[in-house]
Amino acid sequence: MLDAPSTLLWCREQPVMRVTLPSGDAAWLVTRYTDVKALLGDRRLSRDLSRPGTPRMSKENTLFQDPNVNQDPPDHTRMRRLIARAFTASRVERLRAYTEGIVEEMLDAVEEKGPPADLHATLTFPLTIRILCELLGVPTEDQREFTAWTDTYLSLGKYPKELVAANNAKLDAYINALIDTKRANPGEDLISGLIAVRDEDSSRFNDYELYYWSKSLLMGGYETTANHLGASIITLLTNPDALATLREDLTLVPRAVEEILRVQVVFSSIASLRYVKEDIEVAGTTIPAGSGVILAMESANRDETVFPDPATVDFDRPPRPHLTFSTGPHHCAGSALARMEMQVALTGVLRRFPGLTLACDPLELKRSSGVMIEGFEEVPVTW
């Protein structure tokens, strides 16, 4: 399905409701833009899901349940400030020319092989992984291993508990070995920088936090962007008027990226699960302390009271901030990088392949299920 699930559109008429998570635990679902945005910055909600009795996303996934890491301010803010230095707009912009070169190289290979092509396999994932490896200082040849680990790391019922645990153990060993290698042979990359800060002043953060955030950057740094990019290409190819507008004027690509990010949220709302530390009232409903709350960004981004005619892809839409990258203390640190990668890749694809079309019926496109990132499994195109 290309549009937001119809159930979420219906849910906004009941802006707060009880739902059941894949784990079987109960939680509250919040669907309206104003409420979701307010709660994303509300300190009465916690990202720390390690508390006893906290609802679980799924039975096999322990993401955000690590008792050794505080996911809330001020500890989270302390680490976030260090990491955010690598993703400032100015630093990301310096990567633009490098990214353009990689995109051209990958599109050369696509063009040489000829149609049809799966742009997930040939562009979106290879591009975002390569940029991430460059930033973190991860050997590109290791990417096959950690892409398999990412799938299980982000599982919400797709994989059995035993496989998730086994792959997480392999991932842990890899991250610790990578840190040891970087400590012995530092580079100009982000992980080397974090190690240097840790070794210069151990009061800034501990070794476990160094491991945890290195793992989080590796696992979360490419999957979402790759899927957003794939969804962007599909959105354009299934909206001919918007596609024609963009082909006529590629300077509109940055605005197009923002609009497509609004209408195509690829991560599951379950990934936004929060713990309620004290009773909180939302849209006239009291959500009691100890509950779990899901903040439905994909529904908020389609709230007709904020975005008129929300299902339409409109590059002239008055600028209003979508919530795809969240907001508040957990706003995506890599959002500037994701935007730049999407802008460069979309520009390259549209310029190189003016006759690009989907290679299948849009109804045949399948989304991933049972995982946090619900992107399209393939981006099949021809020209």
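The values are calculated or read from the model by the stated rules, or taken from the named source; none is laboratory data. Computed from a predicted structure; not experimentally measured. Ideal geometry is used to build each Cβ from the backbone, glycine not excepted, and the neighbour counts take in all protein chains shown.
Details
- Scope the range 352-383; condition surrounded by 14 or more Cβ atoms within 10 Å (Cβ to Cβ) and either among the small types (Gly, Ala, Ser) or within 21 Å of residue 296 (Cα to Cα) (or both); matching residues: 359, 367, 368, 370, 371, 372, 373, 374, 375, 376
- From the options 231, 226, 256, 244, residue that is buried (at least 18 other Cβ atoms within 10 Å of the Cβ), among the small types (Gly, Ala, Ser) and more than 30 Å from residue 144 (Cα to Cα): 256
- On the stretch given as the range 275-314, residues that are of a type in the set (Val, Ile, Thr) and closer than 27 Å to residue 50 by Cα total 8.
- On the stretch given as the range 62-85, residues that are surrounded by 13 or more Cβ atoms within 10 Å (Cβ to Cβ), in contact with a Phe, Trp or Tyr (Cβ under 8 Å, 6 or more places away or on another chain) and not in a helix (DSSP H, G or I) total 4.
- Assessment of the range 86-98 against the conditions (in contact (Cβ under 8 Å) with a residue 60 or more places away in the chain, assigned to a helix (DSSP H, G or I) and more than 30 Å from residue 42 (Cβ to Cβ)) yields at least one matching residue.
- Any hit, the range 116-123, residues being touching a helix residue (DSSP H, G or I) at 6+ places or on another chain (Cβ under 6 Å), more than 21 Å from residue 335 (Cβ to Cβ) and free of Cβ contacts under 8 Å to residues at least 60 places away in the same chain: yes
Condition check ((1) in contact with a helix residue (DSSP H, G or I) (Cβ under 9 Å, 6 or more places away or on another chain); (2) over 20 Å from residue 337 (Cα atoms); (3) at pLDDT 90 or above) across all residues:
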{"site": "137", "(1), (2), (3)": "yes, no, yes"}
{"site": "154", "(1), (2), (3)": "yes, yes, no"}
{"site": "159", "(1), (2), (3)": "yes, yes, no"}
{"site": "170", "(1), (2), (3)": "yes, yes, yes"}
{"site": "175", "(1), (2), (3)": "yes, yes, yes"}
{"site": "184", "(1), (2), (3)": "no, yes, yes"}
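- Residue within the range 162-178 that is surrounded by fewer than 21 Cβ atoms within 10 Å (Cβ to Cβ) and on the phi > 0 side of the Ramachandran plot present: no
- So residue 112, is it modelled with pLDDT of 95 or more, surrounded by fewer than 16 Cβ atoms within 10 Å (Cβ to Cβ) and either under 19 Å from the mean Cα position of the chain (by Cα) or part of a helix (DSSP H, G or I) (or both): yes
- Qualifying position, being polar (S, T, N, Q), free of Cβ contacts under 8 Å to residues at least 40 places away in the same chain, in a helix (DSSP H, G or I) and farther than 18 Å from residue 233 by Cβ, among 251, 312: 251
- Among the candidates 109, 166, residue that is over 18 Å from residue 345 (Cα atoms) and without any contact (Cβ under 8 Å) to a residue 40 or more places away in the chain: 166
- Checking each residue in the range 72-110 for being of a type in the set (Val, Ile, Thr) and either more than 30 Å from residue 273 (Cβ to Cβ) or touching a strand residue (DSSP E or B) at 6+ places or on another chain (Cβ under 9 Å) (or both) picks out 99, 102, 103, 110.
- Near pairs, Cβ below 7 angstrom, 6+ apart or cross-chain, from the range 271-295 (of a type in the set (D, E, K, R)) to any residue that is part of a loop (DSSP other than H, G, I, E, B) and at pLDDT 95 or above: 277/44; 277/289; 278/44; 278/289; 279/288; 279/289
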